[in-house]
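The values are calculated or read from the model by the stated rules, or taken from the named source; none is laboratory data. In this text, all values refer to a predicted model and were calculated from it rather than measured experimentally. All Cβ positions, even for glycine, are placed from backbone atoms using ideal geometry, and neighbour counts span all protein chains on display. The accessibility values were calculated without ligands, DNA or RNA, using every heavy atom of the protein model including side chains. Shrake-Rupley method; radii C 1.70, N 1.55, O 1.52, S 1.80 Å.
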Amino acid sequence: MQYFRDNIEKLDGYQPGFQPKQADVVKLNTNENPYPPSPAVLKAIAQMDAEKLRRYPDPLGDTFRQAAAEVNGVSAESIICCNGGDDLLNICFRAFCDEGRPVAYPMPTYSLYPVLARLQNCRAIEVAFDEEFNLPPKLAKTEATLTVVCNPNAPTATFISVDELASLADELACVLLIDEAYVDFAEDNCLRLVKDFDNVVILRSMSKGYSLAGLRFGYGIAQPPLIAGLMKVKDSYNVDAVAITAATAAIKDQNYFRQNVEKVKKDRDILINQLRDLKFKVPDSFTNFVMAQCPNYKAGHIYDKLIQRNIYVRYFQQPGLTDKLRITVGTDEQNAKLIAALKEILSE
Ligand SMILES: Cc1ncc(COP(=O)(O)O)c(C=O)c1O
């Protein structure tokens, strides 16, 4: 007897970026922030009352909802706390998709979406981006019951304008999930669409701009009726007491957050120029990573040579991506090591 459902048997599963065990590596492969979280985070954890661990956490994470509501200028009822942005993706696929209810998204994009579609046994309508990663007009015309747009997009680092996404939200009869995991590093965001459209859900992550990838915390923003529906689907205690405390401290420290993000953006723009000088083709990035098309298209070769030097970046063997590397913006020192290694490899 086959124990698993057929679609699970056939599923490859999501491939997370490699997490090397040694400390002496330059790790630029999973888009973590190179700087630590706000000192207020560790302080808040240290000051936690043991009683908070003895008891179940607040099922809704209301202290975080309140803080995130203030930062975003929305009501707390417009916010759902999640165990990382991935949890919200999972909740949305479970809420809106099944065998008869397909999902649609542009390609290439975050490689978790196809996995969630397979898990849910729903059809995935994958609409190709053009060469410049513009929003494909066909995306507005599918029969999907959930449309997902990652903006800024991963792994391309590109940004679709808020006006274009407003038109898409207007045209679609289904829910439009805008995955803004990287939006802290962009110049604009789609928050204002939540006011105008009852079908828009915005995903936010605390992993990138707030340096809390290890904590697992994210949140969704939408009009209250949509949030109330998503609440029915989430695990009852999907965010734990430590995570609520830490994420609340992080989002309240907007000064630290802004400085952290500005530093990463500045270093990103320097890195892009250095890569372009080495003849990589790099679109402008609106994230904390860059997508670099390799000179002579030898991305796999460069990737292997970087690993030999203990430098890890991401290489996707997927249509449209085999000539490209996705590189997370690191510290000044890490970025300098990467550029020095690339110079060596390209001159071999
Ligand atoms: C495009 C995109 N969306 C969502 C996530 C989820 O982030 P997290 O679960 O760490 O909040 C990631 C993580 O890398 C991502 O790249």
- Note on the structure: So for R0 = 51 Å, FRET eff. of A23-D284 from the Cβ-Cβ r, to 0.05, ends up at 0.95
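Going by a ≥ b ≥ c, the root eigenvalues of the Cα gyration tensor, does the stretch 129-211 fall in the rounded group (a/c under 1.5), the prolate group (a/b larger than b/c) or the oblate group? Kindly include the intermediate steps, with their values, before the conclusion.
Numbers: a/c = 1.85, a/b = 1.30, b/c = 1.42.
Oblate shape, in that a/c is at least 1.5 and b/c is the bigger or equal ratio.
Rounded to two decimals, what is Rg over Rh for the stretch 129-269 when you use alpha-carbon atoms and the Kirkwood radius? Mind dumping the intermediate values first?
Details: Rg = 16.1 Å, Rh = 16.4 Å.
Taking Rh as the inverse mean 1/r over Cα pairs, Rg/Rh reads 0.98.
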- Query: Which residue, chosen from Y113, G218, V25, occupies the Cα position most advanced towards the positive end of the dipole of the chain, where the dipole is computed from +1 (Lys, Arg) and -1 (Asp, Glu) charges on Cβ about the Cα centre?
  - Reply: V25
- Item | Where trypsin sites (Lys or Arg not before Pro) fall in DSSP loop in the stretch 1-101, at most 13 other Cβ within 10 Å | R5, K21, R55
- With charges set only on the Cβ (+1 for Lys and Arg, -1 for Asp and Glu), what does the dipole of the stretch 1-84 come to about its Cα centre, in debye to the nearest 20? 220 debye
- Net charge dipole size for the stretch 120-229 [Lys, Arg +1 and Asp, Glu -1 on Cβ; Debye, nearest 20]: 540 debye
- Task: Determine, for each peptide in 253-265, 290-302, the mean count of other beta carbons within 10 angstrom over its residues, then list the peptides with the highest first.
- Result: 290-302, 253-265
- For the stretch 195-302, inverting the pair-averaged 1/r of distinct alpha-carbon atoms gives a Kirkwood value in Å of 17.1 Å
- Under unit Cβ charges (Lys, Arg +1; Asp, Glu -1), what dipole magnitude, rounded to 20 debye, does the chain have relative to its Cα centre? 800 debye
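Go ahead and estimate [θ] at 222 nm for the chain from helices alone: -39,500 (n - 2.57) per DSSP H run with n ≥ 4, summed, over the residue count, rounded to 500. Intermediate results must be reported in sequence, preceding the final value.
Values: 13 runs with 136 residues, N = 348.
So the calculated ellipticity at 222 nm is -11500 deg cm²/dmol.
Based only on the alpha carbon positions, what is the Kirkwood hydrodynamic radius of the chain, in angstrom?
Details: mean 1/r = 0.0475 Å⁻¹.
One decimal place: 21.1 Å for the Kirkwood radius.
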- Item | Neighbourhood charge, 15 Å Cβ-Cβ cut-off, centred on A128 and excluding it, Lys, Arg +1 and Asp, Glu -1 | -2
- Among C81, A95, A299, whose Cα lies farthest out toward the positive end of the dipole of the chain, if unit charges sit on the beta carbon of Lys, Arg (+1) and Asp, Glu (-1)? A299
- Item | N310 paired with K266, simple spin-label distance in nm, labels 7 Å along Cα-to-beta-carbon | 2.8 nm
- Taking only Cα atoms of the stretch 1-131, radius of gyration then Dmax in Å: 19.6, 55
- 5 Å binning of all Cα-Cα separations within the stretch 227-276, expressed as whole percents from 0 upward: 4, 15, 13, 12, 14, 11, 12, 10, 6, 2
- Round to a whole angstrom and tell me the spacing of the C-alpha centers of the stretch 69-143 and the stretch 269-335. 26 Å
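Order D196, D130 by their accessible area, 1.4 angstrom probe, all chains in place, largest first. Don't skip to the end; give the middle numbers.
Working: D196 115, D130 75 Å².
Heavy-atom accessible area, descending, gives D196, D130.
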- With no solvent term and unit scatterers on the alpha-carbon positions of the stretch 82-152, Debye gives log₁₀ I(q)/I(0) at q = 0.20, 0.25, 0.26, 0.27 Å⁻¹ of -0.79, -1.15, -1.22, -1.28
- Most positive-pole-ward Cα, F289, I45, S205, against dipole of the chain from beta carbon charges: I45
